[in-house]
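One structure is given here, and the rest of the page talks about it.
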Amino acid sequence: MTASSSSSSSPSDVWTGAGRRIFMQDVGTRDGLQAETTFVPTADKIALVDALSDAGLAKVEVTAFVSPKAISVLADASEVMAGITRKPGVIYTVLVPNVRGAERAIEARADELNLVMSASESHNLSNLRMTREQSFAGLAEVAAMAHQAGIAVNVSLSCSFGCPMEGDVPFETVLGWCGHFLEDLGARGVTLCDTTGMAYPTQVVALVRAFRARWPEAQLTLHFHNTRGMGLANVIAAIDAGADRFDASLGGIGGCPYAPGATGNVCTEEIVHALQCMGCDTGVDLERLIAAARRLPPLIGHAVPSQIVSAGRRLDLHPRPRDFDAIRERALARDA
Ligand code: COA
Ligand code: ZN
């Protein structure tokens, strides 16, 4: 087959995602670092956030204002927020589990509070030590505080694609909570979280379509973990179904400490690399992003899952073998 016979159509002829703006949101300094046992020094966290801003991420989840007893590696949340350089246009969001967290986040001048509860009762109790009803009452209080302070609210719904303790969560349960967040709390957006990598592409398409049919204007984010190798496939499926916002983690680190079997988020540089190959406009400078990911291993004390950090981009070419000329001459001599 010749090269021209396979390249006669442009990317937009073969895929609905080509040419579309896709918003990439990095959660590495929150979801990523919360899963690590090593405390990354505050100055290094600040440098990572600044590197992500410089690389062109649309949103950065900087940290979590959670109990330092629960997640000690993020105990410096206020200092990190005070130290970052805010780039115009980038949204700096923070995870907030309760009123105490909201007070600290508002004090730190976060652009957005990312509230969290779980679609599954078992995971909500394990992670947040409350029933879902109790969590929702708390979220309502926090949302009121945020609105008072003029700060936008997003709600992340853990286990939207399945719970590691309960199994499948019915769509109606997931969409029911989304309705409460958007219509009762006045949230700007909802994040459907696949906390332990249980989502699969056809399920993603069905849920995204059902969400979009009810709330065409709401900001919808998909948050996938790559626990079962379906992360990138889920992103592509979601884009096909109309989604345009994705959480991902630098280096592919991450995971909820209160969800059995949780592992890394989809990797930001892998997703950006794939989407750029396929003609999406991510606004991200991939070279800068990869450079930022390469800072992680010495900070966390181990290699990162990122395949792009290991392999480079698809057109980062390698030299031919040293004896290539001799090989070619020998090959051509056979025809002579
Ligand atoms: N920021 C700082 N301190 C906090 C806090 C917050 N957001 N929330 C609670 N605390 C402190 C309280 O002041 C209290 O401190 P004290 O013992 O010195 O008085 C202590 O933590 C316990 O507070 P309590 O209200 O009883 O909370 P809890 O023990 O029921 O914990 C959570 C509830 C959810 C706030 C806590 O478990 C937590 O932050 N978990 C992390 C959840 C998370 O990030 N999961 C992964 C992401 S999805
Ligand atoms: Zn997560």
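The values are calculated or read from the model by the stated rules, or taken from the named source; none is laboratory data. Please read these numbers as outputs of a predicted model, since none were measured by experiment. Reconstructed Cβ throughout: ideal geometry from the backbone, glycine too, with neighbour counts over all protein chains shown. Keep in mind that these areas ignore ligands, DNA and RNA; they rest on the heavy atoms of the full protein, side chains included. Shrake-Rupley method; radii C 1.70, N 1.55, O 1.52, S 1.80 Å.
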Rel. contact order, % - alpha carbon contacts under 8 angstrom, at least six apart, region 15-335:
21
Report the percentage of all Cα-Cα pairs in region 15-335 whose separation exceeds 30 Å, rounded to a whole percent.
31
Hey, in the chain, which Cys have no second cysteine's beta-carbon closer than 4.7 Å?
Cys178, Cys193, Cys256, Cys267, Cys277, Cys280
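Leaving out ligands and nucleic acids, note down the accessible area per residue over region 95-144 with a 1.4 angstrom probe, in whole Å². List each step's numbers first, then the result.
On the way: 2050 Å² over 50 residues.
I get 41 Å² per residue for region 95-144.
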Given axes a ≥ b ≥ c from the Cα gyration tensor, I'd like to know whether region 221-336 is rounded (a/c under 1.5), prolate (a/b larger than b/c) or oblate.
prolate
Give me the percent of the accessible area of the chain that comes from carbon and sulfur atoms, probe 1.4 Å, all protein chains in place.
53
Region 109-177 versus region 204-246: alpha-carbon centroid distance in Å
18
Taking the 0 to 90 degree range and rounding to the nearest ten, how far is the long axis of helix 132-148 tilted relative to the main principal axis of the chain, both from C-alpha atoms?
90
Region 203-263, accessible area per residue, ligands and nucleic acids excluded (1.4 Å, Å²)
34
Whole-Hz couplings from phi, Karplus 6.51/-1.76/1.60, listed for region 199-210; x for Gly and Pro
5, 9, x, 5, 5, 4, 4, 5, 6, 4, 4, 5
Through the Karplus equation 6.51 cos²θ - 1.76 cosθ + 1.60, θ set to phi - 60°, convert the phi angles of region 225-239 into ³J(HN,Hα) values in whole Hz; use x for Gly and Pro.
10, 9, 3, 10, x, 9, x, 5, 4, 5, 4, 4, 4, 5, 4
Using a 1.4 Å probe and counting only protein heavy atoms, arrange Thr227, Thr37, Thr196, Thr16 so the residue with the most accessible area comes first.
Thr37, Thr16, Thr227, Thr196
Nearest-ten-degree value, helix 268-277 long axis tilted from longest Cα axis of the chain:
50
Let me check something: with ligands and nucleic acids excluded, how do Arg288, Arg132 order by accessible area (1.4 Å probe), largest to smallest?
Arg288, Arg132
